[in-house]
Amino acid sequence: MNTITREDAKLLINLAIEARRRAYAPYSKYQVGAALRTKSGRIFTGANVENAAYPTTMCAERVAIFSAVSQGERDFDVIAVVTANGGSPCGSCRQVMAEFGLDTVVLIADETGKVFDETTVNGLLPGAFTPAYLKR
Ligand code: THU
């Protein structure tokens, strides 16, 4: 497991708290923020963006990951996810995380910065379907 210092964790959680304030969640009122650090040291944030056509909504984690990937980054070492109550990433976000590595550390915290869980993608999605299955 990657080692994340307390200071690193705090910084990422604070960035996720900040990103969460920009969530567009008029329907669920459940704001989510994420902060993703790449192995190269860059940080990408995301917030959930809802839509009147509900399924069109995008989660905070995937906004951060897609932002990083679209900027040329694919190697991640940690993602912090912040909600009001320490909610855990949804199944779709777990699958997207798994695409880019099972060892990425996942920090789950609430809006006060209280850490509910420190795990990995593998911990959240054991037995994941990964790109390796498509290699021939
Ligand atoms: N949401 C996220 O942003 N990430 C998750 O992992 C779980 C759910 C958002 C989607 C929707 O805007 C709101 O939280 C309620 O489901």
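Looking only at residues in segment 45-67 that are assigned to a strand (DSSP E or B) and open to solvent by 20 Å² or more (accessible area, probe 1.4 Å), the one that is farthest from the ligand (Cβ to nearest atom) is T45. Out of S40, S70, S92, one residue alone is in contact with a helix residue (DSSP H, G or I) (Cβ under 9 Å, 6 or more places away or on another chain) and surrounded by fewer than 13 Cβ atoms within 10 Å (Cβ to Cβ). It is S92. For segment 1-27, which residues satisfy the criterion of being part of a helix (DSSP H, G or I) and under 18 Å from N85 (Cα atoms)? Correct list: A9, K10, L12, I13, N14, L15, A16, I17, E18, A19, R20. Looking across segment 68-82, just one residue is outside any strand (DSSP E or B) and closer than 16 Å to L12 by Cα, and that is A68. Check whether at least one residue in segment 8-16 is small (G, A, S), open to solvent by less than 30 Å² (accessible area, probe 1.4 Å) and either at pLDDT 95 or above or more than 19 Å from V69 (Cβ to Cβ) (or both), and report yes or no. Yes, because at least one residue in segment 8-16 is small (G, A, S), open to solvent by less than 30 Å² (accessible area, probe 1.4 Å) and either at pLDDT 95 or above or more than 19 Å from V69 (Cβ to Cβ) (or both). All of (1) within 19 Å of T5 (Cα to Cα); (2) part of a loop (DSSP other than H, G, I, E, B) hold for Y30 with one exception: (1).
Inspection of segment 82-89 finds no residue satisfying the criterion of being farther than 19 Å from S28 by Cβ, in contact (Cβ under 8 Å) with a residue 12 or more places away in the chain and surrounded by 15 or more Cβ atoms within 10 Å (Cβ to Cβ).
For segment 120-127, the count of residues that are among the polar types (S, T, N, Q) and within 27 Å of T5 (Cβ to Cβ) is nonzero.
The values are calculated or read from the model by the stated rules, or taken from the named source; none is laboratory data. This structure is a prediction, so every number in the text was calculated from the model and none was measured. FYI the Cβ positions are ideal-geometry reconstructions off the backbone, even for glycines, and counts take in every protein chain you see. Calculation scope for accessible area: heavy atoms of the full protein, side chains included, ligands and nucleic acids excluded. Shrake-Rupley method; radii C 1.70, N 1.55, O 1.52, S 1.80 Å.
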